[in-house]
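Down below is the structure, laid out as structure tokens.
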Amino acid sequence: MQRNFGHHLQRSREATRSLLTNENRSLGLPSLLTRLGDLTRSNAFLWAETGLRMQEQHSRGTAAGLTLSRSLVLATLAADLFSGYLTLRERARLWPHLVQERDWELQHQRGANHTLDTAASLGGAMIKACQFASTRPDLLPAVYIQTLARLQDRMPPHPWSVIQTEISQELGRNLTDVFAEIEPEPVAAASIAQVHRARLHDGRQVAVKIQYPEVASLISTDLALIERVLTLQPRVAPNLQFRPILDYLRATLPLELDFRREARLMTKLRTALRPHSNVVIPTVIPELSSDHLLVMEFMDGIKITERAALVKAGIDPEQVARQLNELYAEQMMQLGILHADPHPGNIFVQPGSNGPLLVLLDHGLTVEMAPALMHSLRTMVQSLTEGDFARLTQALVDAGLQLDEETEITTLLQLVGVLFGGSTGDMQTSTSPIAVSSRLGRSIGSLSIDLILVGRALGMLDGITRQLSSTIDVLEIIGQYSSTQTAQAS
């Protein structure tokens, strides 16, 4: 509780200091007073949200109280955001001289900070929503993207007394009947589940991934609350696009909650990649797994973005980056099954006798790709290489992208650059990806969930690649695998 209080006191101080900058001192008295009023309103909501979040954390033992307390937290955040934007919009309409570009920037920053704090406290669907939003700069102002990108899917672990009961219920027997030992401290704890290391009686080391008992109902509650909030958003804050975020959550969260599905696709991808000696996917133990429990081979290694640790272990980061991109190009262009959540925490590296071994973990978002989508992706790459922009446009439409009829070629090239991780050779400009994507948001309509997952995965790969190598071109590698598949098909 003290940590929460101190954090939000710091937030309040930062906002107050920003009002006392030289820029604000040069303002006329009416403008300065309006900014002071905006800050006062924002700080009042900040402290209300802080108190409600603390109450929500204390109510997590009772389902009824938890639903009410989460509703109050989200409703207060929505009132905070909407009142801030509505106040500025009406002031700009009535007294335009009192609203400058800086006023909007301050509102965006305060809104992003309050959203970040709420998501980190509530977890569940809110963390997933903010993580996705941070990858879609065409939906929200740049400061939201930059702020929410700091959010990690890490939550305080549930008490061992609760977790061991859940594991025992899923197994249908006592833990000692299955495990020779199991560590009470989790090796990882996120918004949906936490993972414990254990040893079976036959000596095998395993990872035990257990879903939180209340998480499905919490996510359902959160989605319903977000849906209600969105009925007001277009009228109050039309420059914020939250609907695609909700659509994404409704499509992907059920996938992450279904552990049987995860086990099946994990096994399928492992089988598909069996010919490769440089890729490792844990083996699932099906007789110990269920809808909410996943027991698999335990694997560790070096986090893929820890470059110094890779070098210290004698592993070449450049080779790791190349193997990583070749692996995902093959999944997308040839195999038709994709580990669609390749953030650095889900990919480890181990030293191997024939080069680095890539360990792929957390397959909640591993998906099977439709042949039509794979064909569209290959066509995009080939059309880009050949400079056939009419074919490129059609391939984007076939992949599920709604394009404005007057979309220019430059915008198409920028779109493909963003989709394929921003590494597109001649198409690179000095313009930031956020600025490019903001312009794209005005030219394109909705994106299909399948295309979003592919684009999100490619964006993560590009981010990892840039930390490991300055020379590898993601699109070039994808193009090689696209050409190989096309030649085999013909």
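Please give the FRET efficiency for Ala180 paired with Arg93, using the beta carbon to beta carbon distance and R0 = 45 Å, rounded to the nearest 0.05. Rounded to the nearest 0.05, the efficiency is 0.05. The accessible surface of segment 55-126, taken with every protein chain in place and a 1.4 Å probe, is 62 percent carbon and sulfur.
Per 0.36 nm of contour for each residue apart, how much would the distance between Gln100 and Leu200 grow if the chain were fully extended, relative to their Cα-Cα spacing? Here the answer is 29.6 nm.
Shown is the FRET efficiency for Val236 and Asp316, computed with R0 = 41 Å from the Cβ-Cβ distance and rounded to the nearest 0.05: 0.20.
Ranking of Ile219, Ile302 by solvent-accessible surface, largest first: Ile302, Ile219 (1.4 Å probe, protein heavy atoms only, all chains present). Going by accessible surface with a 1.4 Å probe and the largest first, Glu330, Glu386 read Glu386, Glu330.
In percent, rounded to a whole number, the relative contact order of segment 180-333 is 18, using alpha-carbon pairs under 8 Å and six or more apart. Taken along the Cα-to-beta-carbon direction at a fixed 7 Å, the label points for Ala370 and Asp388 span 2.2 nm.
Over segment 253-331, accessible surface divided per residue gives 44 Å², non-protein components excluded, 1.4 Å probe.
Remark: accessible surface ordering of Lys303, Lys128 (largest first) is Lys303, Lys128, probe radius 1.4 Å. Which stretch or stretches of segment 129-152 have amide N atoms under 18 Å from the point lying 7 Å from Glu227's Cα along the Cα→Cβ direction? Within reach of a label on Glu227: 129. For segment 260-416, the orientation-averaged shadow of the C-alpha convex hull comes to 11.4 nm² (one quarter of the hull surface). Taken per residue, the accessible surface of segment 127-224 reaches 43 Å², heavy atoms only and a 1.4 Å probe. Note on segment 177-246: with neighbouring protein chains present and a 1.4 Å probe, carbon and sulfur make up 55 percent of its accessible heavy-atom surface. Averaging Cα coordinates gives a centre for segment 151-227 and one for segment 234-278; these two points are 20 Å apart. The apolar share of the surface of segment 290-392, taken as the fraction of accessible area on carbon and sulfur atoms (1.4 Å probe, ligands and nucleic acids excluded), comes to 51 percent.
The values are calculated or read from the model by the stated rules, or taken from the named source; none is laboratory data. Quantities reported herein were computed from a predicted structural model and do not represent experimental measurements. Here the Cβ is made from the backbone with ideal geometry for all residues, glycine too, and neighbour counts use every protein chain on show. All accessible areas refer to the heavy atoms of the entire protein, side chains included, with ligands and DNA or RNA removed. Shrake-Rupley method; radii C 1.70, N 1.55, O 1.52, S 1.80 Å.
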